[in-house]
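Heads up, the thing below is written out as structure tokens.
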Amino acid sequence: MRRALAGALALAFAAGPLGVFLVLRRMSLMGDAMAHAILPGVAVGFLTAGLSLSAMTIGGMVTGLVVAMLAGAVARLTPQREDASFAAFYLVSLGLGVLLVSLRGSNMDLIHVLFGTVLGLDDGSLLLVSATSTVTLLALALIFRPLVLECLDPLFLRGEGKAGSVIHMVFLVLLVMTLVAGFQVLGTLMVVGIMMLPATAARFWVRSVGRQMVLAAAIGSFSSYVGLLFSYYANVPASPSIILSAGAVYFLSVFFGPLGGLLQAARQAHARHQRLSQISERL
């Protein structure tokens with residue numbers, strides 16, 4: 001449990017801030033697509049070296065970056081939009097990855113790759129997740145301002161002579177790195193949950209990007225802690241418990257968040273109705 005908590009916290013610190021930028025770029029589903037895009041490389045690493053951390057990590061990195069470049073190239077060279085090309089490549093990657101794992105592995109091996117083994121993390125996995133999170137946070141700190149500008153107005157960034165495409169590529173590399181490291185913890189199907197749910201929940205509480213990044217990391221850490229406790233006392237799988245905990249925080253944010261939450265929207269609608277009533281009475 002201590003190793004699981006350490007790995008989940010390290011993952012949450014990097015995944016939440018990356019999720020904030022995906023939300024800012026209106027590419028929330030891209031995280032899900034990239035999480036599935038690494039599956040063929042992970043499967044090839046598994047087929048060649050078994051449950052080898054280094055082989056599966058290298059394979060996932062290579063296929064994730066290849067899929068990102070191919071999807072971007074299709075979006076630039078054809079009329080198809082980037083989200084559609086990512087969806088197409090993600091579906092093909094998912095089918096190919098599951099097929100490759102099934103060629104030699106058992107159902108348990110497939111479950112290990114898809115859903116992770118957060119309660120079975122070894123020293124190598126912990127070191128990989130911690131190092132990846134550290135590199136991701138340092139890189140985000142270095143490119144924070146141009147990355148925000150590239151998300152909001154990429155044409156202005158290019159017009160200023162700054163390398164917008166380089167910033168975009170660095171962001172994709174950080175995204176793939178975090179997803180590849182995270183599949184060891186939560187699996188390829190679940191890792192995107194700890195990336196997107198805290199990020200979308202943070203949007204209902206704070207406005208600035210920096211505060212959203214901090215709050216997303218905090219929500220991911222809190223969800224990891226609560227999910228692991230729930231899995232221990234209820235005797236249920238840990239990875240889905242962590243994601244469901246993050247989902248609970250998201251739904252609470254949707255209802256009670258002060259920035260666009262349903263309760264706030266109802267109060268604003270009631271206040272508008274009262275003002276209109278007062279105006280009509282005066283008339």
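The values are calculated or read from the model by the stated rules, or taken from the named source; none is laboratory data. Computed from a predicted structure; not experimentally measured. Cβ placement follows ideal geometry from the backbone for every residue including glycine, while neighbour counts extend to all protein chains displayed. Areas reflect the complete protein model, heavy atoms only, side chains present, ligands, DNA and RNA absent. Shrake-Rupley method; radii C 1.70, N 1.55, O 1.52, S 1.80 Å.
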Fill in the blank from the handout: Rounded to the nearest 10 Å², the accessible area of residue 69 using a 1.4 Å probe with every protein chain kept is 110
Fill in the blank from the handout: Share of accessible surface on carbon and sulfur in the chain, whole %, 1.4 Å probe and ligands ignored, is 68
Handout entry: 3J(HN,Hα) from dihedral phi, the range 138-147, Karplus parametrisation 6.51/-1.76/1.60, rounded to Hz, x for glycine, proline
Key = 5, 5, 5, 5, 6, 10, 4, 5, x, 5
Handout entry: Förster-model FRET efficiency, 45 Å R0, residue 127 and residue 270, C-beta, rounded to 0.05
Key = 0.25
Completion exercise
Among 264, 238, 252, the residue whose Cα sits farthest towards the positive end of the charge dipole of the range 183-283, when +1 is placed on the Cβ of each Lys and Arg and -1 on the Cβ of each Asp and Glu, is 264
Completion exercise
Expected sort for 94-101, 31-38 on mean C-beta neighbours within 10 Å, highest first, is 31-38, 94-101
Completion exercise
Sorted on mean Cβ neighbours within 10 Å (highest first), peptides 268-274, 10-16, 215-221 come out as 10-16, 215-221, 268-274
Practice task
Rank by packing, highest mean first: peptides 40-46, 205-211, 118-124, with packing defined as the count of other Cβ atoms within 10 Å averaged across residues.
Solution key: 40-46, 118-124, 205-211
Practice task
For the chain, calculate the relative contact order in percent as a whole number, restricting contacts to Cα pairs under 8 Å that are 6 or more residues apart.
Solution key: 27
Problem - Heavy-atom surface of the chain, accessible at 1.4 Å and reported per residue (Å²) - result: 50
Handout entry: Gyration tensor verdict on the range 1-86 (Cα atoms; rounded if a/c is under 1.5, prolate if a/b is larger than b/c, oblate otherwise)
Key = oblate
